[in-house]
Each structure stands twice: as structure tokens, then as C-alpha cells.
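To keep things clear, I will list the structure first and then write my remarks on it.
Every number here is computed from the coordinates shown, using simple stated rules; none is lab data. All figures in this text were calculated on a predicted structure; none of them were measured in a lab. Don't worry about glycine lacking a Cβ; one is built from the backbone with ideal geometry, like all the others, and counts go over all protein chains shown.
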Amino acid sequence: LARGATEPDLTGRHVVVSAGGTREPLDPVRFLGNRSSGKQGYALARTAAARGARVTLIAANTGLPDPAGVDVVPVGTAVQLREAVLKAASDADAVVMAAAVADFRPAAYAAGKIKKKDDQEPEPIVLVRNPDILAEISADRPRPGQVVVGFAAETDDVLANGRTKLARKGCDLLVVNEVGERKTFGAEENEAVVLGADGSETPVPYGPKEALAEMVWDLVVRRLV
Ligand code: CTP
Ligand code: CA
């Protein structure tokens, strides 16, 4: 299972990776967002390129420099991320959803800045659901035999939650992280278990995000037709 130096085992393949976190605007100066740094997605893009793939990286608000030899498509919101992923996925061999997609967005966008008023409590923010991109791609693969990978950060019974989520999403692989102190958000290192729809369970020890990325590609390569 362990890999040595980079093998060009993704040569001739097109892979799509989403990274970062979506921002859902409330008004011209405010948004709902999350703490995803984008580092895991960028590690996936870099390692896939090193293994010979043509890589499209859909980057949501990462602020990270573009990796060499990778097509980067910047996006802001979940709706924009969906459009960009679906477009790039039409001829992709694999799609890896490492981005943290906001589950909800404000129902209304205020074209002007929301102002506070004296002696008046603020209006509640009404939210609506965003599309579930991973579930959509998994259910309706833009290309037959395409390998679809999701990421999930879980607490409590991490593996049971991961299994349930894998089944609900319908993807081939789900990378499950336990969130907690020093883990995941903004960190350089990561620890995970990769669950397969075939029942497989691949633990990845605490280490650089590159190592987890390489393991994801190892598991993807085996599933490519
Ligand atoms: N995802 C997606 N579209 C969404 C939400 C999530 O494509 N609207 C993808 C993420 O990119 C990730 C996977 O689904 O690869 C799991 O995300 P997660 O937030 O853990 O799943 P949810 O179904 O939103 O479940 P939860 O209620 O636990 O947030
Ligand atoms: Ca979610």
C-alpha cells in the first residue's frame, strides 16, 4: 500500500478537486462562512499533478497561491462552486470534494449594507438550503465509471457517522476526520480514516496533508476503469 517516489499513475486522467470554504453573502460587506483553510484540497491538487493528472482545482476563498501546473477556478458561494464543479466534472475521471460547502445561505441578499437602528433589535437571518453537490454528482455521474470522493469532519462516534454519511451521499470513498483540538482546521497535518462503499476502511495516521492526499489517490487509482 505504501508508495515510494511519485509514479505517473494518473497520466492521461482528468481529476477535479474542490478546496476551501464557501462564503454566503448577507450584504456587500458580510457573509456566512467557515474555517476551512483549503490546505487539504491544495495538497490533493499538487499530488495529483505530480502523479501526471490534468487537475482542475475549484478554489473557494482560500487565498492560497495557485499550485504549478493546475487549472484553478476561483469561486465564492456554494451555488458558484456547484456550477464550476459540474462543468469541470463532465469529462473527469475522478471528483474529490474537499471543500467545506455551507449547508445554508441567507434567503435574501441586501443590496445595501444592513444598518443598525437605535432602540431596535436586529431582524433574524432567514436561511435556505444550499444544493448538495456531492450527493448530486454521486447520484448522477457526469461520466460513467467516474470515482467520487467526499470529506467529512465528525465528532462523537466518528466511524458510525462516517458510514451513515457515505451511504447517504452515495460516493465511492469518504475521508473521515475527527475534529478536535489541533486537528483539521488550518493545521498542516491531518489524521483520517478512508471509508469505501465496498466496505473497506483505510486508516491514515497523523501526518502531513500530502500523505493523506497520496493515500486518497492510491485508493482512487484502484477504482478507475
Ligand atoms: N457537500 C457538498 N454540498 C453540500 C454540503 C456538503 O458537496 N451542500 C460535500 C462536502 O464537500 C464534503 C461532503 O459533502 O465532501 C460532506 O460534507 P458534510 O458537511 O460533512 O456533509 P453534510 O451532508 O452537510 O452533513 P452535516 O449535516 O454533518 O454537515
Ligand atoms: Ca455540512
The value for the stretch 1-95 (convex hull of the alpha-carbon atoms, volume per residue, Å³) is 103
Return the percentage of antiparallel bridges among DSSP beta bridges fully within the stretch 143-225, rounded to the nearest 5 %.
65
For the pairs 39/117; 39/169; 87/116; 87/165; 87/115; 87/169, note any where the Cα-Cα span goes beyond 30 Å.
39/117; 87/116; 87/115
Give a quick list of trypsin sites (Lys or Arg not before Pro) in the stretch 120-225 that DSSP marks as loop, anything other than H, G, I, E or B, with at most 14 other Cβ atoms within 10 Å.
182
Within the chain, what's the longest stretch lacking GluC sites (Glu not before Pro) that sit in DSSP loops with no more than 12 other Cβ atoms inside 10 Å?
1-180
What are the ³J(HN,Hα) couplings of the stretch 187-202, residue after residue, when phi is run through the Karplus curve with 6.51, -1.76, 1.60 and θ = phi - 60°? Round to Hz, x for glycine and proline.
6, 8, 10, 7, 9, 7, 10, 9, 9, x, 4, 7, x, 5, 9, 10
Among trypsin sites (Lys or Arg not before Pro) in the stretch 78-127, those in a DSSP loop whose Cβ has at most 10 other Cβ atoms within 10 Å are 113, 115, 116, 117
What is the spin-label model distance, in nm, from residue 189 to residue 91 if the labels are put 7 Å beyond Cα along the C-beta direction?
4.1
Report the gain in length on full extension from residue 30 to residue 159: 0.36 nm times residue separation, minus Cα-Cα distance, nm rounded to one decimal.
42.9 nm
At R0 = 45 Å the Cβ-Cβ FRET efficiency linking residue 140 and residue 117, nearest 0.05, sits at 0.45
Note on the stretch 98-225: the mean projected area of its alpha-carbon convex hull, in nm², is 11.3
Any residue on another chain or 5+ positions along whose placed amide H is under 5 Å from the amide H of residue 153 is listed here as 177
Sparse-neighbour loop sites [chymotrypsin sites (Phe, Trp or Tyr not before Pro); the stretch 17-120; at most 16 other C-beta within 10 Å; DSSP]
109
R0 = 22 Å: FRET efficiency of residue 126 with residue 79, Cβ-based, nearest 0.05?
0.85
Binned at 5 Å from zero, the C-alpha pair distances of the chain give percents of 1, 7, 15, 18, 20, 16, 10, 5, 4, 2, 1, 1, 0, 0
Per GNM of the chain with C-alpha springs under 10 angstrom, the most fluctuating residue out of 102, 110, 43 is 110
What is the distance in Å between the Cα centres of the stretch 51-69 and the stretch 78-110?
15
